[in-house]
Amino acid sequence: MNSSELFNRALQVMPGGVSSPVRRFLPNPFYASRAKGSKILTEDGLWLIDYCLAYGPLIFGHAPDFLIEEIFQQIREGSVYGTPHKSEVELAEEVVRSVPSVSMVRFVNSGGEAAMSALRVARAFTGRDKIVKFDGCYHGAVDPLLVDGVGTGTHACSGGIPRSILDGTIVLPFNDVASLSRIDEGVAAVIVEPVMGNVGLVPPDRDFLRALREACNSSGALLIFDEVITGFRISKGGAQQAYGVYPDLTILGKILGGGFPIGAFGGKREIMEMVAPCGCVYNAGTFNGNPVTMVAGLTVLRHLNQGVYSRLSELTERLCSGFEEILEDAGIPSHVNRLGSLFTIFFSEVPVRDKDTARRSRPEVFSALHRQLLENGVYFPPSQFECCFTSVAHSADDLNATLEKFSVAVEKIRRDGGVKCS
Ligand SMILES: Cc1ncc(COP(=O)(O)O)c(C=O)c1O
């Protein structure tokens, strides 16, 4: 059964035919049948070089050999205990060793769950209610954070969010130091992706994170870094280590679970001791600290070292320079944002430094390129507003093949007149 047939079946029994909205694209998403290293095989028999990589967890690529036996071993010994166990202690210790501002951590099952709990802790710790977030930052499917648009344009990004919840969240523009004066003494927490990944990749101005830290210090609000994407990806200590700005609470996920569902929130001891059963802030979960996830996460984290980050940066730089050259030769206005093993190609004249500038990227160029690449064996995330990821499994041959196919795709788009060039 091919992808189109599977999608038609899915439409009958799953809303929109998918388990998460971004996975749906036209005419139908491809269905994965298996994956290994840098590649994913579709139900249509096509191997794709994968730069979506499940939206971030797979820093070593799909199903790395060193992980497989460890996971099977844990499954043989039990997949969930409902009791404390050794590997969760070891993973917590590894997180505390790696992430500079984290002294204690609680494991949950998704990044969104971690964000929700971190807000609750911040409210209890400060005795305040208001939350500040930044336009275009995504923190999971969490009511008070599914809000975007600055000033009078603030709106819920989903149906079903009560007005009262919307009113408790202030949205500010990313990378805009002047607007930080809105962080006042009623604010419990300021939550930010230190490197924005959910409008495509947008690194922070160095001054911005520092100014944010200062604004939180003066107002008494807690600073929460959402490092679900950047944690263990920008560096082993995440964006906070790379930029030298340290939050009060950190949200983690993706890579931390070694390819299994996870979220975590952690921070300073006196704040984390608010969490039950130590303190009054409730958090619980049947699958919290799941042993299979803990073993997978621990195994992956133990393989992360400086060599991994240097290699990823080098290969991503090579790839992005190649994209730039091809686009420039074709006369297609573009900006390729990149940092470490993250990148996004924006099709616009202006540099992208926030949600507004990201939105100026031309969707028709992105869609045409996405389709062309997919037909020729290269898989970028289906939305312009997602990061692309590289992994340790991406080889020089993968890069060469990608650049070759990219060049052919760009030329075809240009010839077909799908792109007006400068
Ligand atoms: C920065 C960021 N925070 C939080 C989340 C939510 O994580 P999860 O999908 O595990 O709930 C995501 C998901 O992509 C994310 O990119």
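Details
- Local electrostatic count at V190 - Lys and Arg +1, Asp and Glu -1, tallied over other residues with Cβ under 14 Å: -2
- Within the chain, percent of DSSP bridges classed antiparallel, to nearest 5: 60 percent
- The alpha carbons of the range 65-303 give a radius of gyration and a Dmax of 17.5, 56 Å, in that order.
- GNM result for the chain, Cα springs below 10 Å: residue of F406, F72, F30 fluctuating most strongly: F72
- Value of relative contact order over the range 65-303, rounded to a whole percent, pairs C-alpha under 8 Å and six or more apart: 30 percent
- 5 angstrom amide H check on A35, placed H, neighbours 5+ away: L41
- Using only side-chain charges placed at the Cβ, +1 for Lys and Arg and -1 for Asp and Glu, the dipole size of the chain relative to its Cα centre rounds to 380 debye.
- Centroid-to-centroid separation of the range 159-198 and the range 1-65 [C-alpha atoms, Å]: 33 Å
- Among 78-86, 183-191, the peptide with the highest mean count of other Cβ atoms within 10 Å heads the list, and the full ranking is 183-191, 78-86.
- Its relative contact order, with pairs defined as Cα atoms under 8 Å and 6+ residues apart, puts the chain at 21 percent.
- Among S391, S313, S19, residue whose mean-square fluctuation peaks in a GNM of the chain (springs only between Cα atoms under 10 Å): S19
- The fraction of Cα-Cα pairs per 20 angstrom bin, counted from 0 for the chain, comes to 26, 58, 16, 0 percent, rounded to whole percents.
- Sites E185 and C157 - FRET efficiency at Förster radius 22 Å, r taken between beta-carbons, to 0.05: 0.20
- For the range 239-316, the extents of the C-alpha atoms along the principal axes are 46, 32, 17 Å, listed from largest to smallest.
- FRET E, pair R23, E364, Förster distance 25 Å, beta-carbon r, rounded to 0.05: 0.70
- Label point at E314 placed 7 Å out along Cα→Cβ; residues across the range 329-344 whose backbone nitrogen lies under 20 Å: 338-343
- Three-way shape call for the range 94-223 based on the alpha-carbon gyration tensor, with the a/c threshold at 1.5: rounded
- For the range 362-396, the residues whose backbone nitrogen is under 18 Å from a point 7 Å from the Cα of D44, taken along Cα to Cβ, are 367-383.
- Selection from P100, L67, A114 lying farthest towards where the dipole of the range 13-126 points positive, charges on Cβ: A114
- Site pair E5 and K412 shows an inter-label distance of 2.5 nm when each label is modelled 7 Å from Cα along Cα→Cβ.
- Ellipticity estimate at 222 nm from DSSP helix runs (n ≥ 4, -39,500 (n - 2.57)) divided over the chain, nearest 500: -11500 deg cm²/dmol
- Most mobile of G16, G231, G56 in a GNM of the chain (Cα contacts under 10 Å): G16
- Per residue value of the accessible surface for the range 65-303 (all protein chains in place, 1.4 Å probe), Å²: 39 Å²
- At R0 = 30 Å, FRET efficiency that the Cβ-Cβ distance of I165 and V13 yields, to 0.05: 0.45
The values are calculated or read from the model by the stated rules, or taken from the named source; none is laboratory data. Here the structure is a predicted model, which is why all the values come from computation and not from measurement. With ideal geometry, Cβ positions are generated from the backbone for all residues, glycine too; neighbour counts draw on all protein chains shown. When the accessible area is computed, the model is the full protein with side chains, heavy atoms only, and any ligands, DNA or RNA have been set aside. Shrake-Rupley method; radii C 1.70, N 1.55, O 1.52, S 1.80 Å.
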